[in-house]
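Visitor: Starting off with a structure, shown below.
Each reported figure results from applying straightforward, stated rules to the coordinates on display, with no laboratory input. Since the structure is predicted, the reported quantities are computational estimates derived from the model, not experimental observations. We place every Cβ from the backbone using ideal geometry, glycine too, and count neighbours over all the protein chains shown.
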Amino acid sequence: MPAKGKHRRAKNNPLARRFVAVSTGGAALALPVFGATAAEAAPNAVPSAAVERAVTSPVTYSVVAGDTLSKIARVHEVAGGWKKLYEDNRKAVGDNPSLIHPGLKLTIGAKPKPKTEAKTAAKTTAKAKAVSAAPAERADRSTRTSLAPKPVAYANNLDGWIKEALAIMAERGIPGTYEGIHRNIMRESSGNPLAINNWDSNAAAGTPSKGLLQVIDPTFRAYHVPGTSTDPYDPVANITAACNYAAARYGSIDNVNGPY
């Protein structure tokens, strides 16, 4: 029977030896994650600074059969889990993080860009957008300017008077067509803006009918369209007032086919 002595078995410390397997083109390099215990530390142990560099420096991992991003992230203790691993390797993995194949190279522990570098990149991007947007904005203003309605020059004749009156009527919501206006003008005045009726009952009452559509003064004043001349002989003012009156009484100048 061997002599009694103190043969205390060293307790295994689960944190004493932990390694990260790194692919180096076929050979596996075991890098300690935590320093050994004092009892196990060897004179040539890797300095703590070197260990820190090994842990924090990005490493390349080659996917093997049966691997998943979750498994790899768990084994290599990736901060942020499989989502961080996927984010760092999205270009290599593709759009589906569930599909990784053996031989795929993954970078583990990718370092974030320095803040100053990120800020510079953001400023550069913003400046580029501002520069590219400036010509577009100028072009947009140019387009808006070119699309602005230009003043229309109407001919100083019956055709021009009717067209100008129709434009004003459209703005005011007064119904009427070119044909309806022209037909009634030719019946009432034959297209003479200075025509006046001095023989009918209106004339006998002291309010003769005037202008292209033979409007009496009270009617002209009551249905005068703002923005037009106050002269009842003015062709455009006479047409718009008469059409305004016809719309109120008959629905439209188009419905007038005789004395009104």
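Visitor: Where Lys and Arg each count +1 and Asp and Glu each count -1, what net charge lies around Ile185 among other residues with Cβ under 15 Å from its Cβ?
Guide: After counting each charged neighbour, the total is -2.
Visitor: Order these peptides, 163-171, 180-188, by their mean beta-carbon neighbour count within 10 angstrom, highest first.
Guide: The densest-packed peptide leads the list: 180-188, 163-171.
Visitor: May I pose another question? Mind checking the full-extension length gain between Glu179 and Leu104? Use 0.36 nm per residue of separation minus the Cα-Cα distance, one decimal, nm.
Guide: Between Glu179 and Leu104, full extension yields an extra 19.0 nm.
Visitor: For a protection proxy built on the mean count of beta-carbon atoms within 10 angstrom, sort 235-244, 65-74, 89-98 highest first, please.
Guide: 235-244, 65-74, 89-98
Visitor: Figure the gain on full extension for Arg74 and Asp159 (residue separation times 0.36 nm, minus the Cα-Cα span) and round it to one decimal in nm.
Guide: So the extension gain works out to 21.9 nm.
Visitor: Note down the nm distance, to one decimal, between modelled labels 7 Å out along Cα→Cβ at Ala205 and at Ala248.
Guide: 1.5 nm
Visitor: Less than 12 Å Cβ to Cβ from His224, Lys/Arg counted +1 and Asp/Glu -1: what total charge do the surrounding residues give?
Guide: -1
Visitor: Continuing with the same structure: Using 0.36 nm per residue of separation minus the Cα-Cα distance, give me the extension gain between Val152 and Arg90 in nm, one decimal.
Guide: Taking 0.36 nm per residue and subtracting the Cα distance, the gain is 16.2 nm.
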